[in-house]
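The values are calculated or read from the model by the stated rules, or taken from the named source; none is laboratory data. If you're wondering where the values come from, they're calculated on a predicted model, not measured in any experiment. Don't worry about glycine lacking a Cβ; one is built from the backbone with ideal geometry, like all the others, and counts go over all protein chains shown. The area values use the complete protein model at the heavy-atom level, side chains included, leaving out ligands, DNA and RNA. Shrake-Rupley method; radii C 1.70, N 1.55, O 1.52, S 1.80 Å.
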Amino acid sequence: MEFRLSEEHEMMRKMVREFAEKEVAPTAAERDEKEEFDRSLFDKMAELGLTGIPWPEEEGGVGADYLSYVIAVEELSRVDASVGVTLSAHISLASWPIHKFGTAEQKQRFLRPLAEGKKLGAFGLTEPGSGSDAAGMRTTAVRDGDSYVLNGSKIFITNGGEAEIYVVFALTDPEKKHRGITAFIVEKGTPGFSFGKKEQKLGIRSSPTLEILFDNCRIPAENRLGEEGEGFKIAMMTLDGGRNGIAAQAVGIAQGAFDAALAYAKEREQFGKPIAAQQAIQFKLADMATRIEASRLLTYQAAWLESRGLPYGKASAMAKLFAGDTAMDVTIEAVQIFGGYGYTREYPVERMMRDAKITQIYEGTNEIQRLVIARHLLKD
Ligand code: CAA
Ligand code: FAD
């Protein structure tokens, strides 16, 4: 066993941290306030090769592994969780299923521009009536000659409106329930494909979350991803990895809040000495640091397993569950350590606390992670 990161992974952390602190952190509060997505940050990530970290060079990527990818998401989220999820949804949710299930032609047409960061990706599974019960979707896709015609809507789509490439799921055979779901690639600009309401949110406010609508949206049959009826399996397998991207986001948020709280505790004086001299504050810091470290190890373990082609679904769900709860608890404690100042927008910890909440909700709520973990335990 090796608990030290390789030189390559350390270099990835250093590069992304420098980029995050120099280019992302200075505008994070303002973008949060204005609920503004900044495409130029994605373009800069493309220049650094971050948009195609785990894909081989022949697919437009840089040929690194999933551990490099989670380190990148963690470092971005340490300063801005909205930018972290932009990359996570782009790589884990939009690019991964094309990498895994796409034909050679689909990889050249769709994965290459995603990997090179010329296009941004999104993933549409959730509907107004089906969130946790993803198989309960209503959107349909009817085969008509060389096309499929899509009707329905998806809600809460990260990168919605901004993305050019959407991996979406629809019923091709409603009678067969989850076995009648098929995956498709839909391009922005396709007639009948439009954007609905943009959500106003508690946190990750500079990550756009939109409704997407299909009204007799006709797409070529060659945009079908995998076989008819394979869609639910594709969605579930995509989420197995995606959940670890959210675990990394949670680790990053928690680390960012911890770093700020530690520095503040050493600096802020009350009763004639730094508050860090109080054992009550020291114990908070000790618990926060321990939980972050445990979350990071779970997350890196899941990425390590995926990089080696070993089963990682259970590990990924455990990482997301533990890291999401950790991010929530650690950011609440960080605000507490800052006292009244932590409750104001003068310091970043209140934003981090608001951002942390989503990590317990999306890519399967933490109740659903427990369900996934328990099913693995019973099956194993
Ligand atoms: N890999 C492969 N196949 C899988 C699988 C997996 N991980 N999980 C399930 N399956 C297969 C099963 O083997 C089963 O196959 P058969 O048809 O051969 O029987 C089939 O799928 C149905 O499985 P279940 O009976 O377990 O399905 P279910 O209806 O009980 O649902 C669930 C399971 C885990 C609750 C699933 O619905 C789920 O993951 N829900 C949460 C949805 C979710 O995470 N949404 C996230 C949206 S994306 C997002 O939020 C974006 C963002 O963060 C940025
Ligand atoms: P519900 O499923 O209605 O759940 C409500 C509550 O009931 C939750 O606490 C849940 O845990 C609990 N619950 C439900 N079923 C069970 C059960 N069987 N056992 C125990 N408890 C249960 N989706 C996408 O497809 N693509 C995206 O890019 C995307 N991005 C998102 C971004 C944001 C900001 C948000 C808020 C959501 C996003 N989602 C996306 C959707 C997200 O995955 C869902 O919101 C999530 O899966 C929960 O579904 P729901 O909101 O319908 O809640």
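In this structure, the residue pairs whose Cα-Cα separation is over 22 Å, taken from 100/314; 107/154; 34/357; 119/198; 233/357; 154/233, are 107/154; 233/357.
Rg and Dmax, both from the Cα atoms of region 81-125 and both in Å, are 10.3, 34. Only helical DSSP H runs with n ≥ 4 go in: add -39500 (n - 2.57) per run for the chain, normalise by residue count and round the 222 nm mean residue ellipticity to 500 deg cm²/dmol. It lands at -15500 deg cm²/dmol.
With the Cα gyration tensor of the chain in hand, convert its eigenvalues to equivalent ellipsoid semi-axes via √(5λ) and list them largest first in whole Å. The partial results should precede the final answer.
On the way: eigenvalues 265, 86, 80 Å².
Semi-axes (√(5λ), whole Å): 36, 21, 20.
Between the helical axis of 25-34 and the longest alpha-carbon principal axis of the chain there is an angle of about 60 degrees. Structural size metrics of region 122-228, computed from C-alpha coordinates, are Rg and Dmax of 13.3, 45 Å. Between residue 371 and residue 267, the FRET efficiency estimated from the beta carbon spacing at R0 = 51 angstrom works out to 0.70.
Give me Rg over Rh for region 232-378, both radii from the alpha carbons and Rh done the Kirkwood way, two decimal places. Each step should come with its number before you reach the end.
Details: Rg = 17.1 Å, Rh = 15.9 Å.
Expressed as Rg/Rh, it is 1.07.
Charge dipole (Cα centre; +1 on Lys/Arg Cβ, -1 on Asp/Glu Cβ; no other charges) of the chain amounts to roughly 680 debye.
Residues of the chain: accessible area per residue at 1.4 Å, in Å²? The partial results should precede the final answer.
Details: 16750 Å² over 380 residues.
Accessible area per residue, the chain: 44 Å².
Compute the distance from the alpha-carbon center of region 318-341 to that of region 167-216, in whole Å. Their Cα centres are 32 Å away from one another.
The accessible area of residue 57, taken with all protein chains in place and a 1.4 Å probe, comes to roughly 130 Å². Placing unit charges on the Cβ atoms of the charged side chains and taking the dipole of the chain about its Cα centre, the candidate lying farthest along the positive direction among 28, 337, 55 is 337.
Using a 1.4 angstrom probe with every protein chain in place, what is the largest-first accessible-area order of 214, 271, 195?
Values: 214 10, 271 190, 195 70 Å².
So, going from the largest accessible area down, we get 271, 195, 214.
Rounded to the nearest 20 debye, the dipole size of region 232-378 about its Cα centre is 320 debye, using +1 on the Cβ of Lys and Arg and -1 on the Cβ of Asp and Glu. In order along region 261-273, the Karplus-derived 3J(HN,Hα) couplings, from 6.51 cos²θ - 1.76 cosθ + 1.60 at θ = phi - 60°, round to 5, 5, 4, 5, 4, 7, 9, 6, 9, 9, 6, x, 8 Hz, and Gly and Pro are given as x.
Once the Cα atoms are used to define both axes, helix 7-19 deviates from the longest principal axis of the chain by about 80 degrees. A Cβ-based charge dipole, computed about the Cα centre of region 206-272 with Lys and Arg at +1 and Asp and Glu at -1, lands at about 200 debye. Nonpolar atom fraction for the chain, defined as the carbon and sulfur part of the 1.4 Å probe accessible area, stands at 53 percent.
How big, in percent, is the set of alpha carbon pairs in region 7-120 lying more than 22 Å apart? The calculated P(r) of region 7-120 puts 29 percent of pairs beyond 22 Å. Both numbers refer to the Cα atoms of region 249-288; Rg and Dmax are 11.0, 37 Å. The residues 143, 224, 4, 243, sorted by heavy-atom accessible surface at 1.4 Å with ligands and nucleic acids left out, run 4, 143, 224, 243 from largest to smallest.
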